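In what follows, a single structure is set out as structure tokens and then discussed.
The values are calculated or read from the model by the stated rules, or taken from the named source; none is laboratory data. No experiment lies behind these values; they were computed from the predicted model shown. Neighbour counts are summed over all protein chains in view; Cβ atoms, including those assigned to glycine, are modelled from backbone coordinates with ideal geometry.
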Amino acid sequence: MYKYDKDSSYWRTEFWEKHFNTSLCISMTKIVLIGGPSSGKSTLIKMLGEKGFPINPEAAKDLILARGGISPNNREDYIKFQLEVVEKQVRNENQFYRGETTFLDRGIYDNLVYCNKYLGFVPTEVEKLISEHHRYDRVFLLDRLPFVKENFRIENDEAEAKELHERVVSTYENFGYNLERIPVLPREERLNYLFGRVK
């Protein structure tokens, strides 16, 4: 098990060298949209799907809705839930054809953020699956929008959403990703902004 520390060189060197093998990479372009709660990821993913692009919706949201909710206060159940999220994320990412450009609502490293935030550690089973994961090709960071509390969310308020956003940013940066920022814009303009950066 390991804890998240944005200043730790372990995340940038030892963990990387220990776990990542470029031979595991699959030959397709995976573009991830990240950001804290209420940053517009799911809206943009839905719009991309409507345009005919292969998409990978947020795994955690589907599982929370199927369960009828989730609470981090039940630690045993939350650990099981996070493992289910990672397993579903891996399955979803592996379902696309080689050579496709696929857009993902969150990436697998988001699980590190939520485990560390609500558990204080990353369970061994979750760590193992993440350590076997290949790299994403590009990561786009959506600037935050005002927080909206919805039934599937475990976050409670604006302050919590802001903290999670900052943790997501730090986690992906510590794994060596260059985050390409997408500013707050009307929906269609945001989509066109993304297209302009991807082309």
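Some values worked out for this structure:
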{"read-out": "Test: residue in the stretch 178-186 that is surrounded by fewer than 15 Cβ atoms within 10 Å (Cβ to Cβ) and either modelled with pLDDT under 95 or among the β-branched types (Val, Ile, Thr) (or both)", "value": "yes"}
{"read-out": "Subset of the stretch 30-45 that is in contact with a Pro (Cβ under 8 Å, 6 or more places away or on another chain) and on the phi < 0 side of the Ramachandran plot - its residue that is surrounded by the fewest Cβ atoms within 10 Å (Cβ to Cβ)", "value": "42"}
{"read-out": "Check on residue 139, free of Cβ contacts under 8 Å to residues at least 60 places away in the same chain and either surrounded by 15 or more Cβ atoms within 10 Å (Cβ to Cβ) or hydroxyl-bearing (Ser, Thr, Tyr) (or both)", "value": "no"}
{"read-out": "Where residue 115 falls short, out of the listed (1) touching a residue at least 60 places away in the same chain (Cβ under 8 Å); (2) surrounded by 19 or more Cβ atoms within 10 Å (Cβ to Cβ)", "value": "(1)"}
{"read-out": "Counted residues, the stretch 58-83 - those being among the small types (Gly, Ala, Ser) and either over 28 Å from residue 103 (Cβ atoms) or assigned to a loop (DSSP other than H, G, I, E, B) (or both)", "value": "3"}
{"read-out": "Residues within the stretch 151-199 that are among the polar types (S, T, N, Q) and without any contact (Cβ under 8 Å) to a residue 60 or more places away in the chain, tallied", "value": "3"}
{"read-out": "Residue match in the stretch 118-134 (condition: in contact with a strand residue (DSSP E or B) (Cβ under 9 Å, 6 or more places away or on another chain) and surrounded by fewer than 22 Cβ atoms within 10 Å (Cβ to Cβ))", "value": "yes"}
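Here is a yes/no grid of residues against (1) within 19 Å of the chain's Cα centre (by Cα); (2) within 25 Å of residue 80 (Cα to Cα):
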| site | (1), (2) |
| --- | --- |
| 126 | yes, yes |
| 134 | yes, yes |
| 145 | yes, no |
| 177 | yes, no |
| 180 | yes, no |
| 186 | no, no |
| 189 | no, no |
